[in-house]
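**Student:** Just passing along the structure, written as structure tokens.
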Amino acid sequence: MLRDTPPPYRTIVFDCDSTLSAIEGIDELAGGELGSAQRARIEELTNRAMDGSLALEAVYGLRLELVRPTRARVERLGAEYVERAVPEAKELVRALQALGKRVVIVSGGVAPAVRALARELGVPAVDVHAVELRFAADGAYAGFDERSPLARSGGKVQVLRALGAAETARPLALVGDGQTDLEAGEAEDGADRFVAYGGVVRRAAVFERARVACATKSLAGLVPLLLSDAEIATLSRAPEHAALLRAARPTS
């Protein structure tokens, strides 16, 4: 059952695909590399895993085997993540860090590409958790880390529990769009607040069970859900955060 502890939080965890960036990495890797039928199959598998109708481990390796992304293609995906970053993502991360919070990315995406987005947003590599790939000497795809918890259902629960075990980590908030994020919100010792983010894709199965949700196209909409009134007041005294706070105000 979802708990819901109001702000402030010490740690903020974000999903990557369809949360910090407006794309699904595995679908982008398939684009242009495969026939339309295979691309459609991969997109269907992704959506079924994200809405909970298929276990992630049932599709993770299969999708990568269909795509077999090269090292160069994964590097391009990193650039695509950056190009398609959700509005105010960088500004929100900067504001959270200015308040002394630890910002972490926990994603079932491929690690080299997720780290590229993290660098752009100012999130240290040590705070990026994603699935590592293996490449041959010529850059050809050679497999993925099958031991990674993030390649299976329930894996984000394991990662969040480890993050939350640190003495200075709690309370911890999680923002994400998919079933694996919801699982981490519902689990004992998971997130203290789970925010279902639907600004890119609104997954009905996730929104129906979430206690807190945000469907704005900009991540500025998360400000009142992740920050206390006192923290927002602190940001308001710093000119560099003015644009984020303006974007966070609801429009009539």
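**Student:** How large is ³J(HN,Hα) for each residue in the range 174-188, as worked out from phi by the Karplus curve 6.51 cos²θ - 1.76 cosθ + 1.60 (θ = phi - 60°), to whole Hz, x for Gly and Pro?
**Tutor:** Per residue, the Karplus-derived 3J(HN,Hα) values read 10, 10, x, 10, x, 4, 5, 5, 4, 4, 5, x, 7, 5, 4 Hz.
**Student:** Have a look at GLY154, GLY185, GLY100 and tell me which one the Gaussian network model of the chain (Cα, springs below 10 Å) gives the largest fluctuation.
**Tutor:** GLY100
**Student:** Still on this structure, I have one more. What number, in percent, do you get for the relative contact order of the chain if the mean sequence gap of Cα pairs under 8 Å and at least 6 apart is divided by its residue count?
**Tutor:** RCO, the chain: 26 percent.
**Student:** While we're on this one: For a quick check: with amide H placed at 1.01 Å from N, whose amide H comes under 5 Å from LYS217's, ignoring anything fewer than 5 positions away on the same chain?
**Tutor:** Amide H neighbours of LYS217: none.
**Student:** May I pose another question? Testing the spin-label approximation: label points 7 Å from Cα along Cα→Cβ at ARG3 and PHE207. State their distance in nm.
**Tutor:** About 2.7 nm, to one decimal.
**Student:** Looking only at GLU146, GLU183, GLU240, which one moves most when the chain is put into a Gaussian network model with springs between Cα atoms under 10 Å?
**Tutor:** Top of the fluctuation ranking is GLU240.
**Student:** While we're here: Using the reciprocal of the averaged 1/r over all distinct C-alpha pairs, how large is the Kirkwood radius of the range 128-252 in Å?
**Tutor:** Roughly 16.7 Å, rounded to one decimal.
**Student:** Can you compute the radius of gyration and Dmax for the range 1-121, using only the Cα atoms, both in Å?
**Tutor:** Considering the range 1-121 through its Cα atoms, Rg and Dmax are 15.8, 48 Å.
**Student:** Let me ask something else about it. So for the range 11-248, taking the charge dipole from beta-carbon charges (+1 Lys/Arg, -1 Asp/Glu), which of VAL200, SER107, SER53 sits furthest toward the positive end?
**Tutor:** VAL200
**Student:** Quote to one decimal, in nm, the extra length available between ARG134 and GLU65 on full extension: 0.36 nm per residue of separation minus the C-alpha distance between them.
**Tutor:** Length gained, ARG134 through GLU65: 23.6 nm.
**Student:** About the Cα centre of the chain, how large is the charge dipole given +1 on each Lys and Arg Cβ and -1 on each Asp and Glu Cβ? Please answer in debye to the nearest 20.
**Tutor:** About 380 debye.
**Student:** Something else about it: I'd like the Karplus ³J(HN,Hα) series for the range 87-104: coefficients 6.51, -1.76, 1.60, θ = phi - 60°, whole numbers in Hz, and an x wherever there's a Gly or Pro.
**Tutor:** Working through the residues one at a time gives x, 6, 4, 5, 5, 5, 4, 4, 5, 4, 5, 5, 8, x, 8, 8, 9, 10 Hz.
**Student:** Report, in deg cm²/dmol and to the nearest 500, the calculated mean residue ellipticity at 222 nm for the chain, where each DSSP H run with n ≥ 4 adds -39500 (n - 2.57) and the sum is divided by the residue count.
**Tutor:** Per the formula, -12500 deg cm²/dmol.
**Student:** Is the shape of the range 11-248 rounded, prolate or oblate, going by the alpha carbon gyration tensor and its root eigenvalues a ≥ b ≥ c, with a/c under 1.5 for rounded and a/b larger than b/c for prolate?
**Tutor:** prolate
**Student:** Skipping prolines and chain starts, which residues have an amide H placed within reach, meaning under 5 Å, of the one on VAL175, given they are 5 or more residues away or on another chain?
**Tutor:** VAL13, PHE14, ASP15, VAL195
**Student:** Let me ask something else about it. For the range 11-248, give me the percentage of DSSP beta bridges that are antiparallel, rounded to the nearest 5 percent.
**Tutor:** Antiparallel bridges: around 15 percent, rounded to the nearest 5.
A short reminder: the numbers here are calculations on the coordinates, not readings from a lab. Since this is a predicted model, take the numbers as computed values, not measurements. Note that we place each Cβ from the backbone using ideal geometry, even for glycine, and neighbour counts take in every protein chain shown.
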